[in-house]
There are 2 protein chains.
Amino acid sequence: MPAPLGFTGAWLDRADQLRTDPEAFATATADPRARCLTLDGIDFVPGDDGTGLRWELLDPADARAPMLLGRDERGIPYFVREPHPAQRIDARSRTVMRLLPLLSAQDLALYGGARSLVDWHARHRFCATCGSPTELFRAGWGRRCGQCRAEHFPRVDPVVIMLAEYDGRVLVGRQRQFAPGMFSALAGFVEPGESLEEAVARELFEEAGIRVSDVTYVASQPWPFPSSLMIGCRARAEGSALTLDETEIEAAIWVDRDEVRAALAGDMDAPFLAPPPLAIARHLLEDWAA
Amino acid sequence: MPAPLGFTGAWLDRADQLRTDPEAFATATADPRARCLTLDGIDFVPGDDGTGLRWELLDPADARAPMLLGRDERGIPYFVREPHPAQRIDARSRTVMRLLPLLSAQDLALYGGARSLVDWHARHRFCATCGSPTELFRAGWGRRCGQCRAEHFPRVDPVVIMLAEYDGRVLVGRQRQFAPGMFSALAGFVEPGESLEEAVARELFEEAGIRVSDVTYVASQPWPFPSSLMIGCRARAEGSALTLDETEIEAAIWVDRDEVRAALAGDMDAPFLAPPPLAIARHLLEDWAA
């Protein structure tokens, strides 16, 4: 059985019916078994044995609002606290990436969702419509303006990430900030007014100058840096000539199945370094090479 | 050849390289052929013959910032203006839905993207991070805070919409506000921390009480009310017993292929009224029935 895609497989039922039922929510927060996820800013804190997430009992003396992550199969509710108002957060910091191997796939998925949620609150304390302060509602799954009553909900930003295929090869590219030698699938945010398929075609043309004639879906995963939904696709290129957008892509190469397999195996003489296991780009390469 | 999915197939190249190149952008706005889309709030205004979109030459005397929609194959740039600050917009209003048949599929797609963009600006004049006023940048494809310099980008909200299948039937449901007799595919927003497949499974369990064992992707389309990206899927249900969330779903029924075909054909004695042609739900039903 293949490993689950990174950041998928969270082990809690989100129990969304509690979000809009104040009585049920109050009962959950009063449950003596209720747990709260320990965070340092938006980074997780490993458990006592150096692995896993750290949970504490939900402290009724903490003034920050509890946000409902969900319930386990025993009915125990799990929360995370609204961030401190003074908390400054660099959502692009990937320091935590180095600690992620300490988590099981299921804990990683749960943490990823909690991280996106807490980060969103920290950066959305004011109403985008009128500029007034907002307050958390729906058990943490939204904020409402105290002035104009506009409601705001956590962002999920769809990103297409894709392998273009031509004559038995796929296109991989690298951004300047990638680790030396690493190449990955090209990617970009979906814009208002386009389908996934149109976004794939636009990005491949913008970044690499290639036209594609059809697009197929492969897989998806959340990517909590800060709130992307990665949607992995394949596309058939109409030619192999490249015109790179060098502000986005430093270099790009067409690689065949043997070269992809060598990269995935970590061979020293592979023509490129494959993206890491948590990235859906690696899954796309594995799927294509298989 | 099947009709294109609603709101897809816009006929402009988005020309994103102009967004970050002030000189090229100034050249485009100074092009004497430059066009500007006429809107009434965020609704389109039909052309002189009562159909199509209405375009005017870009008026240099208009103080509102021009936002770049794209360029056509002759290089003519097309814009839409930032909305008036005093403009109040009800993005949920679907009055415009009655006028949509006046547009070709390609104009409809272009309008949908422009509508989402203009609506986003109208509701995001302030910085969600610090509450200060923001200014348009990137040729209309973002806003930046004058105070804390935070950058904000137009939202695209992914929504899963899906047909659960069991024993030769699919599940369709209705919300209270639907037209009488109409049933459609169930749907819901993707949340932080879940893949598309997980969102499909969660929504089907929350709304209808059914568990699904696998999920496949079918198609996608933008839905500019205000900024959804509809991602159409199928899933295999493990059973047919329903437990409806009646705050979301008023009724749900399992229908077989003959019943779906009758509904799509508009038969008076079909067991339900099919969703309208622009909706991806109709495409999902057509795809399944075929």
Which strands (runs of 3 or more DSSP E) sit wholly inside segment B:36-88 and have at least 3 residues that are under 21 Å from B:P22 (Cα atoms), assigned by TED's automatic domain parsing to the domain that holds B:R138 and aliphatic (A, V, I, L, M)? B:66-71
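Which of the residues that make up segment B:50-74 are in contact with a helix residue (DSSP H, G or I) (Cβ under 9 Å, 6 or more places away or on another chain) and in contact (Cβ under 8 Å) with a residue 40 or more places away in the chain? Before the answer, list the steps.
Filtering segment B:50-74 down to residues in contact with a helix residue (DSSP H, G or I) (Cβ under 9 Å, 6 or more places away or on another chain) leaves B:50-53, B:58, B:60, B:65-71.
Across segment B:50-74, the qualifying residues are B:G50, B:T51, B:G52, B:L53, B:A65, B:P66, B:M67, B:L68, B:L69, B:G70, B:R71.
With respect to B:R71, determine if the residue is surrounded by fewer than 23 Cβ atoms within 10 Å (Cβ to Cβ) and either modelled with pLDDT of 95 or more or within 13 Å of chain A (Cβ to nearest Cβ) (or both). Before the answer, list the steps.
Details: surrounded by fewer than 23 Cβ atoms within 10 Å (Cβ to Cβ): yes; either modelled with pLDDT of 95 or more or within 13 Å of chain A (Cβ to nearest Cβ) (or both): yes.
For B:R71, the condition - surrounded by fewer than 23 Cβ atoms within 10 Å (Cβ to Cβ) and either modelled with pLDDT of 95 or more or within 13 Å of chain A (Cβ to nearest Cβ) (or both) - is met.
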Exactly one of these conditions fails for B:E82: (1) touching a helix residue (DSSP H, G or I) at 6+ places or on another chain (Cβ under 9 Å); (2) modelled with pLDDT of 95 or more; (3) more than 10 Å from every other protein chain (Cβ to nearest Cβ). Give me its number. (2)
Every listed condition ((1) buried (at least 19 other Cβ atoms within 10 Å of the Cβ); (2) closer than 30 Å to A:A10 by Cβ; (3) of a type in the set (G, A, S)) holds for A:G188 save (1)
How many residues of segment A:146-155 are without any contact (Cβ under 8 Å) to a residue 40 or more places away in the chain, surrounded by 15 or more Cβ atoms within 10 Å (Cβ to Cβ) and either in contact with a Pro (Cβ under 8 Å, 6 or more places away or on another chain) or part of a loop (DSSP other than H, G, I, E, B) (or both)? The answer is 2
Would a scan of segment B:195-204 turn up a residue that is touching a residue at least 40 places away in the same chain (Cβ under 8 Å), over 29 Å from A:H121 (Cα atoms) and either more than 8 Å from every other protein chain (Cβ to nearest Cβ) or not in a loop (DSSP other than H, G, I, E, B) (or both)? no
Looking across segment A:16-38 at residues that are touching a residue at least 12 places away in the same chain (Cβ under 8 Å) and either touching a helix residue (DSSP H, G or I) at 6+ places or on another chain (Cβ under 7 Å) or at the interface with chain B (Cβ under 9 Å from one of its Cβ atoms) (or both), the single one that is farthest from A:P77 (Cα to Cα) is A:T20
In segment B:156-184, what residues are surrounded by 21 or more Cβ atoms within 10 Å (Cβ to Cβ) and in a loop (DSSP other than H, G, I, E, B)? B:V156, B:F183
For A:R125, state whether it is in the same structural domain as A:L39 (by TED's automatic domain parsing) and over 15 Å from A:T29 (Cα atoms). no
Quick one: which strands (runs of 3 or more DSSP E) lie wholly within segment A:207-286 and hold at least 2 residues that are touching a residue at least 60 places away in the same chain (Cβ under 8 Å) and more than 26 Å from B:V156 (Cβ to Cβ)? A:251-256
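Hey, among the residues in segment A:98-141 that are free of Cβ contacts under 8 Å to residues at least 24 places away in the same chain and buried (at least 17 other Cβ atoms within 10 Å of the Cβ), which one's farthest from the other protein chains (Cβ to nearest Cβ)? Before the answer, list the steps.
Keep residues of segment A:98-141 that are free of Cβ contacts under 8 Å to residues at least 24 places away in the same chain, which gives A:98, A:101, A:126, A:129-135, A:137.
Narrowing the set further to residues that are buried (at least 17 other Cβ atoms within 10 Å of the Cβ) leaves A:126, A:129-131, A:134.
Numbers: A:F126: 4, A:T129: 5, A:C130: 6, A:G131: 4, A:T134: 8 Å.
My answer is A:T134.
Taking the conditions exactly as written (at pLDDT 95 or above, in a strand (DSSP E or B) and outside the structural domain of A:G113 (by TED's automatic domain parsing)), does A:A187 satisfy them or not?
Numbers: at pLDDT 95 or above: yes; in a strand (DSSP E or B): yes; outside the structural domain of A:G113 (by TED's automatic domain parsing): yes.
Considered against the rule, which asks whether it is at pLDDT 95 or above, in a strand (DSSP E or B) and outside the structural domain of A:G113 (by TED's automatic domain parsing), A:A187 comes out as yes.
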Spot the failing condition for A:E73; the list is (1) within 28 Å of A:P276 (Cβ to Cβ); (2) out of contact with any Lys or Arg (no Cβ under 6 Å at 6 or more places or on another chain), and only one is missed. (1)
Within segment B:212-249, track down each residue that is loosely packed, with under 14 Cβ neighbours inside 10 Å and not hydroxyl-bearing (S, T, Y). B:D214, B:R236, B:E238, B:G239, B:A241, B:E246
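The values are calculated or read from the model by the stated rules, or taken from the named source; none is laboratory data. Remember, predicted model here, so these are calculated numbers, not experimental data. Neighbour counts run over all protein chains shown; Cβ positions are idealised from the backbone, glycine included.
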